[in-house]
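Read through the structure below, which is laid out as C-alpha cells, and then see the notes.
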Amino acid sequence: MSRQALGEAEENLARRFEEIERRDREINSFIELNPHAQEEARRAEKLGGRLAGMTVAVKSNINVRGLRATCASKTLENYVAPYDAVVVERLRREGAVILGMTNMDEFACGSSGESSYFGPTENPSAKGRIPGGSSSGSAAAVAAGFADAALGSDTGGSIRNPASHCGVVGVKPTYGLVPRHGLIDLAMSLDQIGPIARDVRTAALLLEVIAGSSREASMLDVEPQPYSQRLSADLSGIKVGFAKEYEEVTSPEILGVVKRALRRLEAQGAELVEVELPNLEKALPTYYLIVFVEFFSATRRYDGRRYGYRIEEVCGEEVLRRIMLGSYISQKEYAGRYYRRALQFRSLIRRELLQALEEVDVLAGPTTPKLPHRLGERLTPLEMYAYDLLTVPANLAGIPAGVVPAGRVNGIPVGLQVQAKPLQEQVMLNVMLAAEGRA
Amino acid sequence: MKVRIGFEIHEQLATRTKLFCRSPADYRDAEPNTNVCEVCLGMPGAKPMGVNAEAVEGVIAIALMLNCELVREPVYILRKHYDYPDLPSGYQRTSMPIGKNGELAGVGIWEVHLEEDPGKYDPVTGRVDYNRSGVPLVEIVTAPDITSPEEARNFMRELVKVLHYSGRVRREGGTMRVDVNVSIEDGARVEIKNINSIKGLYRALKFEITRQKNLRRRGKAVKRETRAYIEEQMITKSMRTKETAEDYRYIPDPDLPPLRITEELVERVRSELPEAPHQKLQRFMQQYRISRDDAWAITSEPEMADAFEQVCGQVEPGRAAAFFRHIIKKTLNYHGMSFAESGLTVRDILAVLGAISSGRLSQQAAELVLREVVERGAEAEELIQRLSKLDEQSLASAVEQAIRENPGAVQDYRSGRREAINYLVGQVMRITRGRADAEKALEMLQERLS
C-alpha cells in the first residue's frame, strides 16, 4: 500500500512507529507496542472524535485490554489486561489510538525511571540523565516525539517530575476528577491518572476527555469541562502565589528559571503574592508513611496464586522496602504511632495549602528541588525521596497541579509547577499556557 | 462453673447485586467462577463502585429489629488483611459498626455491621470459586450473656427468626456462619470457628465446655486460642493460639469514602420495617383469639404467619390455627423443611381445609395430601379429587367385589373366625386405593355377611 493510500491517522501512526523503531532502543520508553494499533487507527479515522487519530502512549500500570499491564515488574510480567481502564475507554471513544505500554519505575515506586524490571529509561531531552519518574516512559515518549500524548499516573509527583526533567507538559488532576478504575494501585488515596503532552492545549484536551464522574466510589460527582476551548493566556486579575519556603529547599539554578517564569506571568497581567507554607517539609515523611501502608495493602493480591509470582520473591529493592515498611508500621501496635499520625499531618498540610490558596488563584513554583542526576548514579533512598518534596503536597491535599517547561539549566529542562484549588483546573491550565508562551 | 458464651453471626443479605460491584448476589445456579467481574475478582487496577445501598439499608433494618442504636458518625469501611486462597485481593472489607447496644431475648447485641463474603476454597481439590466473592454479609456480635448450650440454641433460633422476619437475608439456607466465644469462670476466652448450623453450634458448645471443664478439673489452664469445629467428628480442634494470632493490619479502605447513616435514611427504613416476631405473636393472640402456643407455632416463620392471615380471611381462625399448628407443622417437621421451602400455598391450604369440612377428606387423607404437595410439588386440588372419600354406592360395590373375590375369607368369617373380616376390610381399601372410610367399610361388610 502506498503512502498516499493511507489515511491521516494511519500515516501519523506509521511515522510514530518508524521513530520508535529507529530510536527507542536507546530511549527504552516502551515495554510493549500495541499490535492492533494500525487496525485501531483505521477505525479511528472512520469514527472521528475529539482525538481522532491522536497517538497516545499508556503507562504500564493502566489496564489496556489485550496488552500487558506489567507495572514494569517481574511480578506482573505475564499479566495481560482483561479489561480497559475507564480512561482508556474514553480515549478510544474519541478516536485516540493506543500506541503501547510505557516503561516506568517498578509499581510506580521511584522518581528516576531507573527501577524498571525492563531496564532504565533515557532522558531524550538531556541525554545521560534520568528522565524522572515514575511515569518515565510516558514523558520520554512524548519528549522524543514517539507519541502525540501519553497517560501517566501521579501519586506524589510521578507525572510532574518526569514532565519537568523531560521538558514536556504534565497534569495531575484534582483527586476524584479522573476515574482510577483500571489504574494499578500505588497509594489509593493519592493516585490520579493524568495527561502528558508537548503543549498545554493538547494536555487540556486529553484531560477533558478522561475527566468526569464514573461509577467508582471515590469519584467526585462532576461534569467534564471543555478546558481546551476556554484556554486563555490573559492573566489580568489572577493572583499567583509563591511560597518563601520554596527558596529554602530548591537549588539556586532551578530557582533562577522559576523566578524568570514568574516575571513572565506578571507581564501577562498576573499579580504575584508571597504566601507561607510553614509545614512544607512535613509533607515528605507524611507522604511516605501513607504510601508504605497503602502500597502494602494494595500488593497483598500478588500472593503468587493468580499472577504467577509472589511479589516479595521477584520485586526490586525499592518495592520490597516499601512493602516491608508498610507491613511494619501498619502492625496493630504501631498503627497509632505512624499511620494515624500521618493521616493527622495530612489534614494539617491540606488545611495549610487550601488556606494559602484562599489568598491566591494559583501557587507557582519549582517542581523538583534539584536537577535530574546522571543515569546509573547511586542515590540513597532518602536522596531519591527528596525529589518529591515539592510535588507531594498537591497529592496530600487532593488539589490539581501541572507542570509546564519554564527554561533550561545547562541544557537540562526545568518545569514550572502550578497548583490550584480543587477542581480549578481551568485557571491552572491558563497560567500554564501563559508560562508556556514565552518559555 | 459459670459459662459465658458470645457469638459472631454472619449471614448473606438478599440484595440483587454484590457489595461493591454489579455482579448478581445470587450465584446459586452459576457455574464456578462465572458470576464475577474484575471488581469482585480483585483484579489489578479494579476499583470498588459505591457501597450497595440495598445492603446498607438491610443492615440498618436488622440493627433496628435488634433494638440497636444507629451510629451517627461516619462509618469507615476497613480492610482486614489476611492471606487465604479465597480472598482475591488479600484483604476483606468490613465496615465499622452501623448499629450498637441492642438486645434480643435478654442477650446484648454489641454491634451490627456490613462485610463482604470471600470466595469458596476447597482444600481437597485446591480449587477456588469466586462466585460468592463480594456478596454482602451482615455480621452480628453479641455480648457473652449466654450461659449454656441450650440457651445458645434457643437464642440462635430466635435470632434466625428475626433475620427471616426482616426480609433482608437469604432464605435458601446454608449461608449462615457462626463464630462462638466460650469461657468458663473468667478463664481464657476460646473462639470456635467454622460452625454453620444451630445443631453444629449446640454440639460444638457441648464438646468445648466439657473440654474446658476437664482441663480445669485436672488443674490445667485453658489457653486463649482459636479452634475449629470439625462437624464430622463433633469436636473442636486448635487452629492457632494467642501467640500466633494474626494481625489484620486494619486500615480504612482508601478507595471507599465512609458511609453516612443519616437520620432520614434510618427513618425511612424504620417506616418500612416489618413487624417483629414477638409483636406478631401478641397481635395474633389478640386479633385471632388463639392460644400463645398456636401463635408461637404459626409465627415461627414470617411466610407461615402471612399464609395464616390469608387463610383466616375465609376460615374460622381457631380451626385454621389448629390445622397450622398440628397438621402443617407436623408435615414440615417430618420433612425437615421450612414453610418457605415447602412450596405450600394459601390455595393448597384452603383447598384441604375445605375438603375436610365438607367431609370429602379424612384427617389422615388431608395429611397425605399435604405430604404429596411438599414432596412432589403436586396440586392439592387434584390430589383431593383422587383421595376424597367414596360415595355410598361406590363403597357398596367395592364391598361386593371384595366378597366375590375372597370366598375363603367369607367362609372363615361365617364359620366363626371373626377376625377374617379385617382381611376383607383391607381388600376394600385396596380396591378403592385407600379412599374408603375403613369404619364404614367394616359396618357394611358386617351387615352384608350377617
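Does B:Phe20 satisfy the condition of being aromatic (Phe, Trp, Tyr), over 23 Å from B:Glu151 (Cβ atoms), assigned by TED's automatic domain parsing to the domain that holds B:Glu191 and crowded, with 19+ Cβ neighbours inside 10 Å?
The answer is yes for B:Phe20.
Would you be able to tell me the number of residues in the range B:240-259 that are surrounded by fewer than 15 Cβ atoms within 10 Å (Cβ to Cβ) and either at pLDDT 95 or above or outside any loop (DSSP other than H, G, I, E, B) (or both)?
Keep residues of the range B:240-259 that are surrounded by fewer than 15 Cβ atoms within 10 Å (Cβ to Cβ), which gives B:240-247.
If we keep only those that are either at pLDDT 95 or above or outside any loop (DSSP other than H, G, I, E, B) (or both) as well, we get B:240-244.
Selection size over the range B:240-259: 5.
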Q: Exactly one condition in (1) within 20 Å of B:Ala245 (Cβ to Cβ); (2) outside any loop (DSSP other than H, G, I, E, B); (3) at pLDDT 90 or above is not met by B:Asn194; state its number.
A: (3)
Q. Out of all the residues in the range A:389-439, which are in contact with a strand residue (DSSP E or B) (Cβ under 6 Å, 6 or more places away or on another chain) and of a type in the set (S, T, N, Q)?
A. A:Gln417, A:Gln419
**Q.** Within the range A:281-336, helices (runs of 4 or more DSSP H) holding 2 or more residues that are away from chain B (no Cβ under 12 Å) and acidic (Asp, Glu)
**A.** A:317-329
Q. Is it true that B:Ala307 is within 24 Å of the chain's Cα centre (by Cα) and either of a type in the set (Lys, Arg) or in the same structural domain as B:Val190 (by TED's automatic domain parsing) (or both)?
A. no
Q) List pairs: first in the range B:256-267 and in the same structural domain as B:Ala55 (by TED's automatic domain parsing) and among the basic types (Lys, Arg), second assigned to a loop (DSSP other than H, G, I, E, B) and modelled with pLDDT of 95 or more, Cβ under 8 Å, 6+ apart or cross-chain? A) B:Arg260/B:Pro74
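Under the condition of being over 19 Å from B:Ala366 (Cα atoms) and without any contact (Cβ under 8 Å) to a residue 12 or more places away in the chain, which residue from the range B:423-450 is surrounded by the most Cβ atoms within 10 Å (Cβ to Cβ)? Can you show your working first?
Within the range B:423-450, the subset over 19 Å from B:Ala366 (Cα atoms) is B:423-428, B:431, B:441-450.
This time we only want the ones that are without any contact (Cβ under 8 Å) to a residue 12 or more places away in the chain, so: B:426, B:443, B:447, B:450.
Working: B:Gly426: 15, B:Glu443: 13, B:Glu447: 9, B:Ser450: 7.
Result: B:Gly426.
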Q) Scanning the range B:13-39 for residues that are in contact with a helix residue (DSSP H, G or I) (Cβ under 7 Å, 6 or more places away or on another chain) and within 13 Å of another protein chain (Cβ to nearest Cβ), which turns out nearest to B:Ile77 (Cα to Cα)? A) B:Leu19
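When you go through B:Ala55, B:Ala46 one by one, which is the residue that is closer than 28 Å to B:Arg153 by Cα, buried (at least 23 other Cβ atoms within 10 Å of the Cβ) and within 14 Å of chain A (Cβ to nearest Cβ)? Give the derivation first.
Numbers: B:Ala46 fails: closer than 28 Å to B:Arg153 by Cα.
Criteria check complete, one pass: B:Ala55.
Quick grid of which residues meet (1) in a loop (DSSP other than H, G, I, E, B); (2) surrounded by 22 or more Cβ atoms within 10 Å (Cβ to Cβ); (3) within 14 Å of chain A (Cβ to nearest Cβ):
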position	(1), (2), (3)
B:Arg79	no, yes, yes
B:Pro85	yes, no, yes
B:Pro88	yes, yes, yes
B:Glu103	no, no, no
B:Ile109	no, yes, no
B:His113	no, yes, no
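Output the helices (runs of 4 or more DSSP H) that fall wholly within the range B:336-410 and possess 2 or more residues being of a type in the set (D, E, K, R), or say none. Walk me through it before giving the result.
Numbers: elements: B:339-342, B:346-357, B:363-376, B:380-387, B:392-405.
So the answer is B:346-357, B:363-376, B:380-387, B:392-405.
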Q: From the list A:Glu253, A:Glu248, pick out the single residue that is more than 14 Å from chain B (Cβ to nearest Cβ), surrounded by fewer than 17 Cβ atoms within 10 Å (Cβ to Cβ), assigned to a helix (DSSP H, G or I) and out of contact with any strand residue (DSSP E or B) (no Cβ under 6 Å at 6 or more places or on another chain).
A: A:Glu248
Q: For B:Ile327, work out the one condition from (1) farther than 30 Å from B:Arg157 by Cβ; (2) surrounded by 15 or more Cβ atoms within 10 Å (Cβ to Cβ); (3) in contact (Cβ under 8 Å) with a residue 24 or more places away in the chain it doesn't fulfil.
A: (1)
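Select from the range B:212-239 the residues that are out of contact with any Leu (no Cβ under 6 Å at 6 or more places or on another chain) and buried (at least 17 other Cβ atoms within 10 Å of the Cβ) and write down the one among them that is farthest from A:Ser297 (Cα to Cα).
B:Gln212
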Q: Tell me which residues, restricted to the range B:411-430, are in a helix (DSSP H, G or I) and farther than 27 Å from B:Ser357 by Cβ.
A: B:Gln411, B:Asp412, B:Tyr413, B:Arg414, B:Ala420, B:Ile421, B:Asn422, B:Tyr423, B:Leu424, B:Gly426, B:Gln427, B:Arg430
Q) What number goes with the only condition from (1) within 14 Å of chain B (Cβ to nearest Cβ); (2) touching an Asp or Glu at 6+ places or on another chain (Cβ under 8 Å); (3) assigned to a helix (DSSP H, G or I) that A:Val87 does not pass? A) (2)
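Looking at the range A:410-434, which of its residues are part of a strand (DSSP E or B), β-branched (Val, Ile, Thr) and closer than 17 Å to A:Arg264 by Cβ? Even if it seems obvious, please write down each step before you answer.
From the range A:410-434, those part of a strand (DSSP E or B) are A:412-420; that's our starting set.
So of that shortlist, the ones also β-branched (Val, Ile, Thr) come out as A:412, A:414, A:418.
Correct list: A:Val414, A:Val418.
Here is a list: A:Arg341, A:Arg346. Which entry is within 14 Å of another protein chain (Cβ to nearest Cβ), of a type in the set (Lys, Arg) and more than 22 Å from the chain's Cα centre (by Cα)?
Details: A:Arg346 fails: more than 22 Å from the chain's Cα centre (by Cα).
From the options A:Arg341, A:Arg346, the qualifying one is A:Arg341.
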**Q.** Residue that is nearest to B:Arg153 (Cα to Cα), among those in the range B:180-210 that are basic (Lys, Arg) and in contact with a strand residue (DSSP E or B) (Cβ under 7 Å, 6 or more places away or on another chain)
**A.** B:Lys193
Q) Taking the condition modelled with pLDDT of 95 or more and out of contact with any Phe, Trp or Tyr (no Cβ under 9 Å at 6 or more places or on another chain), does A:Tyr227 pass? A) yes
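The values are calculated or read from the model by the stated rules, or taken from the named source; none is laboratory data. These numbers come from a predicted model, not from an experiment. Reconstructed Cβ throughout: ideal geometry from the backbone, glycine too, with neighbour counts over all protein chains shown.
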